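Worksheet for the structure shown next.
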Amino acid sequence: MSDRLSIVVVEKDRDRAIQIVDALKVTDDYDIFVIADERGLARQIAARAPDIVLIDIDNPSRDTLEELTLASGPLERPVAMFVGGQAGGLATAAIEAGVSAYVVDGLLPDRIKPVLDTAIARFQVFRRMRTELAETRKALEERKVIDRAKGMLMKARNLSEEQAYALLRKAAMDQGKKVVEVAEALVTAARLLG
Amino acid sequence: MKTVTLSAAYIPLVDAAPLIVAQEMGFAEAEGLTLDLIRAPSWSSVRDMLAFGRVDAAHLLSPVPVAMALGLGGVTTRLAAVSVLSVNGDVICVSTALADKLRETGFAFDFADATAAGEALSRVVTDTLRIGVPFPFSMQVELLMYWLTALGMPRSRLDVRTIPPPLMAQALAAGEIDAFCVGEPWGSIAVEQGFGALLLPGSAIWAFSPEKVLAVREDWAETEPHLTDRLIRAVWRAGQWLSRPDSRITASEILSRRHYLDVPAEVIDRSFEGRLVLSPRGEQRAVPQFQVFHDGLATFPWRSQAAWIARQLALRAGLNPQSAMHAGRGVYRSDLYRRAVRSLGADLPGASEKLEGAIAAPVTQAAVEGSVHLMKDLFFDGRIFDPGQP
């Protein structure tokens with residue numbers, strides 16, 4: 001058996017897969033295979049018999065990996081989700097970062113650690129990007145609603161944009177709400193009134 | 001009112017209702033709790049979040065804590081099933097192609113007779129039956145295995161595949177599987193989308209099977225006995241509320257919201273009413289005991305239920321059934337459940353084990369105080385499980 005660790009990365013998104021593979025290649029000389037098509041995932045993985053499987057913790061197909069923990073044949077090597085043990089808080093760090101690792105029975109912790117460290121670092125970046133994207137999107141949505149509410153006030157009460165915004169802010173302050181909440185209420189009410 | 005916030009993970013399913021309702025209808029607040037409900041993408045992530053302390057409690061498949069106690073599966077932290085959340089509620093759904101083949105043989109979709117349905121299935125499936133289940137440790141797997149092996153279908157003809165519930169209909173449409181067994185609303189969604197027909201309710205195989213449990217970490221239950229009690233009571237009250245016919249519409253509306261199940265309220269209501277639409281043709285069937293949240297001591301975590309599950313798991317995994325049953329029993333914490341609900345004036349049974357599959361019609365039995373009502377709990381083949389028998 002070769003000494004190189006074989007790793008399967010389950011990742012649909014091509015860019016993310018490339019980033020993970022590149023990061024791992026810098027870490028050590030691994031035998032890496034990416035699975036992008038998740039149909040029959042358990043079978044695909046079983047066929048490659050990797051030492052380690054890396055998969056996004058939010059991937060719904062992760063449940064199919066649970067089948068691999070029940071290897072039934074004498075030649076099959078059961079895998080277990082990596083839960084730390086000697087490597088300490090690594091499992092918790094992995095869960096926080098959003099990656100789960102399945103490791104073949106009997107693999108030594110010091111061989112797993114560099115792989116997981118790399119994966120954790122990579123997934124932390126992904127998570128940060130996802131959060132930033134969601135926040136940007138939310139800010140955009142909020143601005144849209146506020147703009148619409150402003151426009152409605154300007155038209156209905158013949159106000160300038162500045163006055164309309166001041167009115168929204170005052171209403172929010174009086175009611176102890178966020179400006180966007182008042183704007184949303186106004187837009188919804190206007191829709192109901194036709 | 002000042003409350004303690006507990007986080008709880010769940011999978012979008014109708015039987016997550018007790019947790020969702022406990023929070024939405026104020027039963028949690030009445031116990032001084034706020035539930036921070038976290039919708040999870042997969043059962044592994046529910047289990048991991050609970051095992052690694054990301055959440056305090058979880059809506060979990062009834063066999064999962066038992067499997068973990070037996071050392072089966074990826075993670076083996078000790079969990080405590082402190083209450084059953086729901087009894088029954090699964091459906092077996094076949095692809096439209098398979099449904100057509102069944103109809104050609106003259107099989108009438110009665111949605112009741114498990115023997116007839118199983119025999120018809122054996123006749124038309126000549127090679128292997130590819131069947132989807134939500135998780136390797138699930139009541140769905142237990143019901144399917146019990147049903148098809150009792151009818152003599154060899155294990156080699158079954159290709160059981162794990163697919164997350166919301167993706168079942170898609171897998172059926174893509175031809176990856178011929179059938180699946182899953183909790184509602186995901187069977188009805190496949191019917192709505194025109195990909196499948198409902199063959200049987202889970203209750204046709206076992207009339208009273210524990211489907212989901214309320215699980216916490218065993219060490220958490222020990223360090224937080226008061227929170228454990230309050231959580232059990234909040235969920236118990238939610239189940240009681242859910243069992244009232246006039247709660248149905250409100251419950252369906254709440255569950256249908258985007259951040260919970262995000263499916264039409266009308267489809268969810270079918271489970272609560274126990275009246276299912278079987279196929280895109282629109283035939284309907286009413287199913288007694290389709291899904292039970294309160295009546296018949298539905299939420300009591302019977303140690304004999306855990307023993308039954310442990311025995312089935314052990315037989316398939318090649319473990320010693322006797323020691324598995326012993327280990328399994330300890331996970332269903334009827335002791336903690338009793339301690340928590342006593343103050344609610346709930347009727348409690350005298351024993352924490354019973355024969356499983358021995359009640360043919362509703363009965364009233366003497367209890368700790370007063371009496372308890374038990375519902376039909378037969379297995380389709382009439383076998384009786386005695387947890388005390390080796």
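The values are calculated or read from the model by the stated rules, or taken from the named source; none is laboratory data. This structure is a prediction, so every number in the text was calculated from the model and none was measured. Here the Cβ positions follow ideal geometry from the backbone for every residue, glycine too, while neighbour counts run over all protein chains shown.
Structure notes:
Residue-by-condition table, conditions (1) over 24 Å from B:D377 (Cβ atoms); (2) modelled with pLDDT of 95 or more; (3) outside any strand (DSSP E or B):
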position: B:S203; (1), (2), (3): no, yes, yes
position: B:V213; (1), (2), (3): no, yes, no
position: B:V216; (1), (2), (3): yes, yes, no
position: B:W220; (1), (2), (3): yes, yes, yes
position: B:T228; (1), (2), (3): yes, yes, yes
position: B:Q240; (1), (2), (3): no, yes, yes
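- Filter pass, A:D105 being free of Cβ contacts under 8 Å to residues at least 60 places away in the same chain, among the charged types (D, E, K, R), surrounded by fewer than 17 Cβ atoms within 10 Å (Cβ to Cβ) and over 30 Å from B:F52 (Cβ atoms): no
- Qualifying residue in segment B:38-47 (condition: outside any loop (DSSP other than H, G, I, E, B), under 18 Å from B:W241 (Cα atoms) and among the hydrophobic types (A, V, I, L, M, F, W, C)): no
- Test: B:L313 is farther than 27 Å from B:R237 by Cα and either in contact (Cβ under 8 Å) with a residue 60 or more places away in the chain or not polar (S, T, N, Q) (or both): yes
- Only a single item in (1) among the hydrophobic types (A, V, I, L, M, F, W, C); (2) away from every other protein chain (no Cβ under 14 Å); (3) under 21 Å from the mean Cα position of the chain (by Cα) is not met by B:L151, and it is number (3).
- Some residue of segment B:123-137 being buried (at least 24 other Cβ atoms within 10 Å of the Cβ) and touching a Pro at 6+ places or on another chain (Cβ under 8 Å): yes
- Candidate set: segment A:75-116, residues that are over 19 Å from B:D48 (Cα atoms) and part of a helix (DSSP H, G or I); chosen: the one modelled with the lowest pLDDT: A:P109
- Only one entry in B:H294, B:H259 is touching a residue at least 40 places away in the same chain (Cβ under 8 Å) and surrounded by fewer than 16 Cβ atoms within 10 Å (Cβ to Cβ), namely B:H259.
- A single entry from A:K150, A:K144, A:K155 fulfils the requirement of being over 28 Å from A:I18 (Cβ atoms), within 27 Å of the chain's Cα centre (by Cα) and at pLDDT 85 or above: A:K144.
- For segment B:46-74, filtering for residues that are within 14 Å of chain A (Cβ to nearest Cβ) and either touching a residue at least 60 places away in the same chain (Cβ under 8 Å) or crowded, with 22+ Cβ neighbours inside 10 Å (or both) leaves 17.
- Any strands (runs of 3 or more DSSP E) falling wholly within segment B:260-376 and containing at least 3 residues that are farther than 29 Å from B:A169 by Cβ: B:363-366, B:371-374
- Some residue of segment B:330-337 being touching a Phe, Trp or Tyr at 6+ places or on another chain (Cβ under 8 Å) and over 24 Å from B:Y146 (Cα atoms): yes
- Here B:S45 qualifies as polar (S, T, N, Q) and not assigned by TED's automatic domain parsing to the domain that holds B:M145.
- Residue check, A:S100 small (G, A, S) and more than 18 Å from B:R54 (Cβ to Cβ): no
- Flag for B:L242 being in contact with a strand residue (DSSP E or B) (Cβ under 8 Å, 6 or more places away or on another chain), of a type in the set (A, V, I, L, M, F, W, C) and either touching a residue at least 60 places away in the same chain (Cβ under 8 Å) or crowded, with 18+ Cβ neighbours inside 10 Å (or both): no
- Filter result for B:L35 (more than 14 Å from chain A (Cβ to nearest Cβ), buried (at least 24 other Cβ atoms within 10 Å of the Cβ) and not acidic (D, E)): yes
- Set side by side, the residues B:L85, B:L102 differ, and just one is surrounded by 16 or more Cβ atoms within 10 Å (Cβ to Cβ), away from chain A (no Cβ under 14 Å), part of a helix (DSSP H, G or I) and among the aliphatic types (A, V, I, L, M), which is B:L102.
A quick yes/no check of all residues on (1) within 28 Å of B:P166 (Cα to Cα); (2) modelled with pLDDT of 85 or more; (3) assigned to a helix (DSSP H, G or I); (4) away from chain B (no Cβ under 13 Å):
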| position | (1), (2), (3), (4) |
| --- | --- |
| A:R4 | no, yes, no, yes |
| A:V9 | yes, yes, no, yes |
| A:V26 | no, yes, yes, yes |
| A:Q44 | yes, yes, yes, no |
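- B:R342 surrounded by 16 or more Cβ atoms within 10 Å (Cβ to Cβ), charged (D, E, K, R) and closer than 30 Å to B:W220 by Cα: no
Residue by residue, here is whether (1) surrounded by 11 or more Cβ atoms within 10 Å (Cβ to Cβ); (2) touching a residue at least 60 places away in the same chain (Cβ under 8 Å); (3) closer than 30 Å to A:D58 by Cβ; (4) among the basic types (K, R) holds:
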position: A:T131; (1), (2), (3), (4): no, no, yes, no
position: A:A134; (1), (2), (3), (4): no, no, yes, no
position: A:K138; (1), (2), (3), (4): yes, no, yes, yes
position: A:I146; (1), (2), (3), (4): yes, no, no, no
position: A:A164; (1), (2), (3), (4): yes, no, no, no
position: A:K177; (1), (2), (3), (4): yes, no, no, yes
position: A:L193; (1), (2), (3), (4): no, no, no, no
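- Here is the figure for segment B:316-363: residues that are more than 19 Å from the chain's Cα centre (by Cα) and touching a residue at least 60 places away in the same chain (Cβ under 8 Å) total 17.
- Residue in segment B:162-179 that is away from chain A (no Cβ under 14 Å), on the phi < 0 side of the Ramachandran plot, touching a residue at least 12 places away in the same chain (Cβ under 8 Å) and in contact with a helix residue (DSSP H, G or I) (Cβ under 8 Å, 6 or more places away or on another chain) present: yes
- Hits in segment B:180-192 - residues which are away from chain A (no Cβ under 13 Å) and buried (at least 21 other Cβ atoms within 10 Å of the Cβ): B:F180, B:C181, B:G183, B:E184, B:P185, B:G187, B:S188, B:I189, B:A190, B:V191
- Filtered residues of segment B:88-98 (kept if surrounded by fewer than 23 Cβ atoms within 10 Å (Cβ to Cβ) and touching a strand residue (DSSP E or B) at 6+ places or on another chain (Cβ under 9 Å)): B:S95, B:T96, B:L98
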